[in-house]
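The values are calculated or read from the model by the stated rules, or taken from the named source; none is laboratory data. Because the structure is a prediction, the values reported are computed rather than measured. As a convention, Cβ positions derive from the backbone with ideal geometry for all residues, glycine included, and neighbour counts pool all protein chains shown.
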Amino acid sequence: MKTILVIEDEKHLQILYTQELTEEGYQVIVVKNGQEALETVQNNAIDLAILDIKLKQENGLEVLKKMMEHRRDLKVILNTAYPAYRDDFNTWSAEDYLVKSSNLDELISKVRQLAPLT
């Protein structure tokens, strides 16, 4: 089973992503901030991370940088409501950049591509 780390500070999105990804067959770990994300990456076999850029306590791009320092091979999808960050070179180490939507088809498709179950 593949493990997906979701770094998201909005509770309703934590629940939605967990439900949808679990139904797809993934094990899901949800954290709400960068410190928890770093600890999780260091202590667990994570196959893919879904990272929000605008977290309440910190900038997700800083979290991305720190995670990549620890695990260069970690695949990360940046998932944000702000399309303007797409051109920021700090996002380039992520596998993909998605703008949040109530329709999760694009996100689920990208997860399947980057962390196939078979």
### Task
Output the residues belonging to region 46-62 that are under 13 Å from the mean Cα position of the chain (by Cα) and of a type outside the set (D, E, K, R).
ILE46, LEU48, ALA49, ILE50, LEU51, ILE53, LEU55, GLY60, LEU61
### Query
Within region 99-118, how many residues turn out to be of a type in the set (A, V, I, L, M, F, W, C), under 20 Å from ILE46 (Cα atoms) and either surrounded by 14 or more Cβ atoms within 10 Å (Cβ to Cβ) or modelled with pLDDT under 90 (or both)?
5
### Query
What tally of residues in region 41-54 results from selecting those that are more than 11 Å from LEU74 (Cβ to Cβ) and either hydroxyl-bearing (Ser, Thr, Tyr) or surrounded by 21 or more Cβ atoms within 10 Å (Cβ to Cβ) (or both)?
3
### Message
Take ILE15 and tell me if it is of a type in the set (A, V, I, L, M) and surrounded by fewer than 19 Cβ atoms within 10 Å (Cβ to Cβ).
### Response
yes
### Message
With the requirement that a residue be more than 13 Å from ALA49 (Cα to Cα), assigned to a helix (DSSP H, G or I) and touching a residue at least 24 places away in the same chain (Cβ under 8 Å), what does region 98-118 give you?
### Response
none
